[in-house]
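The values are calculated or read from the model by the stated rules, or taken from the named source; none is laboratory data. Fair warning: this is a prediction, and the values are worked out from it, not measured in the lab. Positions of Cβ are generated from backbone atoms using ideal geometry, with glycine treated the same way; all protein chains shown enter the neighbour counts. SASA here: full protein model, heavy atoms, side chains in, ligands and nucleic acids out. Shrake-Rupley method; radii C 1.70, N 1.55, O 1.52, S 1.80 Å.
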Amino acid sequence: MNQGPTNPDPNREADRQLRDRIEKLRAELTEHNYRYYLLDAPSIPDAEYDEMLRELGRLEKSLAEPVPADSPTRTVGAPPSHVFEPREHLTPLLSLANAFNDDEVRDFDRRTGEMVGEPFQYIVEPKIDGLAVNLRYENGTLAVAATRGDGRAGEDVTDNIRTIADIPWHLAGADLPDLLEVRGEVYMSKSSFEALNHAQETAGEKLFANPRNAAAGSLRQLDPKVTAARKLSFFAYGAGEGGAQLAASQSGLLLRLKELGFSIQGYEKLQGVEELLKHYRQWQQRRATLPYEIDGLVYKVDAFNLQQEIGAVSRSPRWAIAHKFPAEEAITRVKRIVWQVGRTGVITPVAEMIPVKVAGVMVSRATLHNIQELQRKDVREGDEVVVRRAGDVIPEVVRVVAVDGERAPMITAPVFCPVCGSHVERSEAEVAIRCSGGLSCPAQLKERLKHFVSRGAMDIEGMGEKLIEMLTDEPEGSPLKLKSVADIYRIDFDAFTGREGFGRKKIDNLKLAVEISKQKPLSKFLFALGIRHVGEVTAISLSEAFCSMEAIMDADMESLQAVDDVGPEVAASIRSFFAEAHNREVLSALKASGIWPETVKAREIPGDHPLAGKIVVLTGTLHQIKRSDAHERLRKLGAKPTGSVSKNTDLVIAGENAGSKLSKAESLGIRVVDEAQLMEWLA
Ligand code: IVH
């Protein structure tokens, strides 16, 4: 048999396999030692560890060579820690020059183009907001991890880096350089950051201002167990020593790093500066959707031979630039917390701050959303806070970063509207607090007027949103100035004469429309008042049930809830509206101007019906008729259905499983009948 030169010598092959196995066991056992002794978090059972250690011992013996002093068979515990000792990088870590606007990017592109002298490709990567580390792999095994430091040497953070799940301890794959430096960014995801700050808060510890600070603080821990608990991540974006052996371009390198077991970011290959700038605009919108923070894009010349040609100046390469996004967050101090009344009456806490530039704009006010958020974030006057202004959203206070000595007391929710002095409503169902002075509150005036004149309400044709805006913005003292809905009926129409866009005909039509609106029925008028939860249908139900403004204004919770589709929340809203003296004043003004709906004629009631005039309560389950239909028909017979039993109740109609209302009726000696009797009466 011909043993060709390609067939390996069986002895040499066995020897190679033995050495490979020994090296693999040593590396794995070193890793387990680290997990066991340093992190208290073994990843395999003790028996398996012992078995591996015994196998290594046997193999080292069979190799019949001196065993190195750092072999796991010769050491106990974890390898010695070199925490924060200085470590020189094999090749320096360069930094990036920054571009803050399009012109600076164009300059960069022009310079680069001149040096290259032919068409070339850029690679674009997001710029992760974390901290750079250099990972030195010796024969494929992570040997040293160091921070960037001054670019030439950094601090040894190997123990802590080993806790990051994204960083392989051993590199998979063949054709690896003996010495390889992988570069990338250690960062903290937005969700880990939130979780960490939450835990810090619960433990009464200081909060981190942003994910970058949190990542840096977590990496610089003496105890790797702390780092391990902090959930750091890593993206590889480059290589130092040995990099040129892996690929011929940045995009090729990223793919290779991925094969080796690293996480890499998505990237794009583009040509020409306009493409770069277009991409930048897209990323400004997209950045918020990433699970981690980025602070710009990095444009790099893709081909390594071109990078070489272009070279570097002092500490940064000339073939790359960081195009920074305007920072979306800034730190400033809260001067005062005030309550702001929105167009719809919702009252929100707002922080007035020492002005600070956020995302390119000076910001001096930021929302605290609502009282719950204010309490959760525990923001107080005098605190140092992070303000955020992302995209088009209103600036918000994100969190407190520092407090100075004695803190101001927590702000409490107002009891009266800061704009109009009406009482403040707070419903159980929602977190918002509201001003109840809908008709009188200047903060809500425009919205209220627009609703008041709209179709379905007073329906004043020709008085649209634009005109309302114009009339409310009139200077003080103008005969056209609107300060309340009542003012609509006091407008001096002659004052329109001579105003641009107001011909005689238009003025006359407007005057007529206002005049006609005075005759609106009760339901329309009621709807026009803009009472929360009182829509057109509820307004009709109320007008049918109560027949007059006065009756509705004086109705109690019980009688309101007896009306179709009026539940406790709607009833409370109606009560609160009419209980507010400021609203009653506006209503009086309307009445004084003759704007008061006529009392609806009560329907013909068959006076001899046994239910006529009776106050009735329905309780329990009815089987033959819906409760709302029963209410409706009882009303038509002249009865007054109400929601709860009191000494004024004349009759209780008890369906199946009637409970407390029935007991109460019995204890008060009120007459009780069943569903069958009800049906007989209704028939
Ligand atoms: S390349 C010679 N790519 O930004 C080029 N850096 O301001 C070296 N960074 O120190 C860096 N994301 O910490 C590069 N995709 C990315 C990056 C990135 C974040 C950081 C890195 C560097 C700093 C420069």
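Averaged per residue, what accessible area in Å² does region 406-446 show with a 1.4 Å probe, protein chains only?
Working: 2080 Å² over 41 residues.
Heavy-atom accessible area per residue stands at 51 Å².
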Q: Go through region 38-46 residue by residue and turn each phi into a ³J(HN,Hα) via Karplus (6.51, -1.76, 1.60, θ = phi - 60°); whole Hz please, and just put x for glycine and proline.
A: 8, 9, 6, 9, x, 9, 9, x, 3
Q: Return the sequence-ordered ³J(HN,Hα) values of region 357-365 in whole Hz as given by the Karplus equation 6.51 cos²θ - 1.76 cosθ + 1.60 applied to θ = phi - 60°, using x for Gly and Pro.
A: 8, 10, 6, x, 10, 6, 10, 10, 10
Q) Going by Cβ distance under 4.7 Å, what cysteines of the chain have no possible disulfide partner? A) 547
Q. Per residue, how much accessible area does region 469-545 have with a 1.4 Å probe, in Å²?
A. 50 Å²
(Q) Under the rule that an exposed site lies in a DSSP loop and has at most 15 other Cβ atoms within 10 Å, name the longest stretch of the chain with no GluC sites (Glu not before Pro) of that kind, not counting the sites themselves. (A) 1-204
**Q.** Integer Hz, Karplus 6.51/-1.76/1.60 couplings in order for region 572-584, x for Gly and Pro
**A.** 5, 5, 5, 4, 5, 4, 7, 6, 7, 4, 4, 5, 4
Q: Just read off the accessible area of residue 335 with the full protein assembly in place, 1.4 Å probe, to the nearest 10 Å².
A: 120 Å²
Q | Longest to shortest principal axis, alpha-carbon extents of region 59-132, angstrom | A | 66, 30, 21
Q: Counting other Cβ atoms within 10 Å, keep those with at most 14, restrict to DSSP loop, and tell me which chymotrypsin sites (Phe, Trp or Tyr not before Pro) in region 22-120 are left.
A: 100
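Treating only the Cβ atoms of Lys and Arg (+1) and Asp and Glu (-1) as charged, compute the dipole magnitude of the chain about its Cα centre; round to the nearest 20 debye. Display every interim value, and only then the final one.
Details: 87 positive and 101 negative charges, 390 e Å.
Dipole magnitude for the chain comes out near 1880 debye.
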Q: Scan around residue 240 for amide H atoms under 5 Å from its own, H built in the peptide plane at 1.01 Å from N, and keep only partners 5 or more places away or cross-chain.
A: 181, 182, 183
Q. At a probe radius of 1.4 Å, what is the per-residue accessible area of residue 488, in Å² to the nearest 10?
A. 0 Å²
Q | Given charges at Cβ of Lys, Arg, Asp, Glu: the chain dipole, positive-most of 587, 311, 683 | A | 587
Q: Using just the helices of the chain, give the 222 nm mean residue ellipticity in deg cm²/dmol: DSSP H runs with n ≥ 4 each add -39,500 (n - 2.57), and the total is spread over all residues, rounded to 500.
A: -10500 deg cm²/dmol
Q) Roughly how much of residue 20 is accessible, in Å² to the nearest 10, using a 1.4 Å probe? A) 80 Å²
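Just the accessible area per residue of region 263-319, please: how many Å² with a 1.4 Å probe? List each step's numbers first, then the result.
Working: 2990 Å² over 57 residues.
In whole numbers, region 263-319 has 52 Å² accessible per residue.
Calculate the all-directions average of the projected area of the chain's alpha-carbon convex hull, and give it in nm².
Working: hull surface 212.7 nm².
For the chain, the mean projected area of the Cα convex hull comes to 53.2 nm².
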Q) Could you state the number of Å between the C-alpha centres of region 475-497 and region 622-683? A) 51 Å
Q: Pop out the carbon and sulfur fraction of the accessible area of the chain as a percent, whole number, probe 1.4 Å.
A: 50 percent
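Go through 628, 192, 422 and list them by solvent-accessible area, largest first, probe radius 1.4 Å.
Numbers: 628 50, 192 25, 422 0 Å².
The ranking, largest first, comes out as 628, 192, 422.
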